[in-house]
Amino acid sequence: MQRDFTDLTDLPDPTDNLMRILLIEDEADLLSGLARALREEGYAVDTAADGEEGLYKAQSAEYDAVVLDVMLPRMDGWEVLRSLRQSRKTPVLMLTARDAARDRVRGLDTGADDYLVKPFDLGELFARLRALIRRSAGQTRNVIEIGEVVVDTAARSVFVSGISVALTAREYVLLEFLALHRGETVTRSTLYEHLFDEDDDSLSNLLDVHVSNLRKKLGHELIATRRGHGYCIE
């Protein structure tokens, strides 16, 4: 079933965010509606209404994925993608009304990671974004197992020894990001860069609070602190 994005403009804007997405789209109603839908789904979302602004943002910040329209003012999506690929490997989902096979081939050959034709189902868009983010982190399965802790990224659920554990949206976001980068030390600045959008006004000690809560719920040994660097799931 297709969704009418003009009906999404009245959706509430939640405070809890997931991975950081850049949405580049020139149709005002679609841009606003889709941004709200993505935020409702839990993503941190930055927006751009033309190609030049979109390219500038895509090159200036770290995003987990870019949703890029083809028909854009000032610089079309092909040129944005071509320029972006000179310096960034950020996953890109092309979003367009052009459904000819040659356009899909052109997008993929230019460097797009996936291609979705308008009108589209929101559920499919979300699923494709989750898949792009997993693949970019080298995670091909929905389920991440860390000892007795299991993270289901599709259902956004967490289990310890087979028992479901309730997490807040932001606790889940933090856990998923660290789990996707298991074995790496993730700096505090990287966590803020990926988990909060450009309009988010957050206090720095919130990160410590969320880490503390996760340790209480999932085990104190799960997340290691690297003094002066950040956090790590071994």
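The values are calculated or read from the model by the stated rules, or taken from the named source; none is laboratory data. Quick caveat, the model's predicted, so the values are computed rather than measured. All Cβ positions, even for glycine, are placed from backbone atoms using ideal geometry, and neighbour counts span all protein chains on display.
Residue by residue, here is whether (1) modelled with pLDDT under 90; (2) over 25 Å from Ala154 (Cα atoms); (3) not in a helix (DSSP H, G or I) holds:
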position	(1), (2), (3)
Pro14	yes, no, yes
Leu22	no, no, yes
Gly33	no, no, no
Glu40	yes, no, no
Asp46	no, no, yes
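Look through Leu122, Leu116, Leu175 and report the one residue that is at pLDDT 90 or above, within 19 Å of the chain's Cα centre (by Cα) and buried (at least 16 other Cβ atoms within 10 Å of the Cβ).
Working: Leu122 fails: at pLDDT 90 or above; Leu116 fails: at pLDDT 90 or above.
On inspection, the qualifying residue turns out to be Leu175.
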### Task
Considering only residues that are crowded, with 19+ Cβ neighbours inside 10 Å and part of a strand (DSSP E or B), look in the range 151-172 and name the one that is modelled with the lowest pLDDT.
Val151
### Any pair with Cβ under 7 angstrom, 6 or more apart, that starts in the range 53-69 at a residue that is in contact (Cβ under 8 Å) with a residue 60 or more places away in the chain and ends at one that is surrounded by 18 or more Cβ atoms within 10 Å (Cβ to Cβ) and assigned to a helix (DSSP H, G or I)
Glu62/His194; Asp64/Ile133; Asp64/His194; Ala65/Leu129; Ala65/Leu132; Ala65/Ile133
### Query
Of all residues in the range 68-91, how many are among the hydrophobic types (A, V, I, L, M, F, W, C) and under 18 Å from Pro119 (Cα atoms)?
4
### Task
Determine if the range 89-98 includes at least one residue that is hydrophobic (A, V, I, L, M, F, W, C), free of Cβ contacts under 8 Å to residues at least 24 places away in the same chain and surrounded by fewer than 20 Cβ atoms within 10 Å (Cβ to Cβ).
no
### Query
How many residues, within the range 102-147, are without any contact (Cβ under 8 Å) to a residue 40 or more places away in the chain and of a type in the set (Phe, Trp, Tyr)?
1
### Query
Checking Glu27 against (1) out of contact with any Ser or Thr (no Cβ under 7 Å at 6 or more places or on another chain); (2) buried (at least 21 other Cβ atoms within 10 Å of the Cβ); (3) modelled with pLDDT of 90 or more; (4) within 20 Å of Pro119 (Cα to Cα), which test does it fail?
(2)
### Message
Going by what's in this entry, would Ala48 be described as under 15 Å from Leu95 (Cα atoms) and crowded, with 22+ Cβ neighbours inside 10 Å?
### Response
yes
### Query
Hey, does the range 132-141 have a residue that's within 17 Å of Leu68 (Cα to Cα), of a type in the set (D, E, K, R) and at pLDDT 80 or above?
no
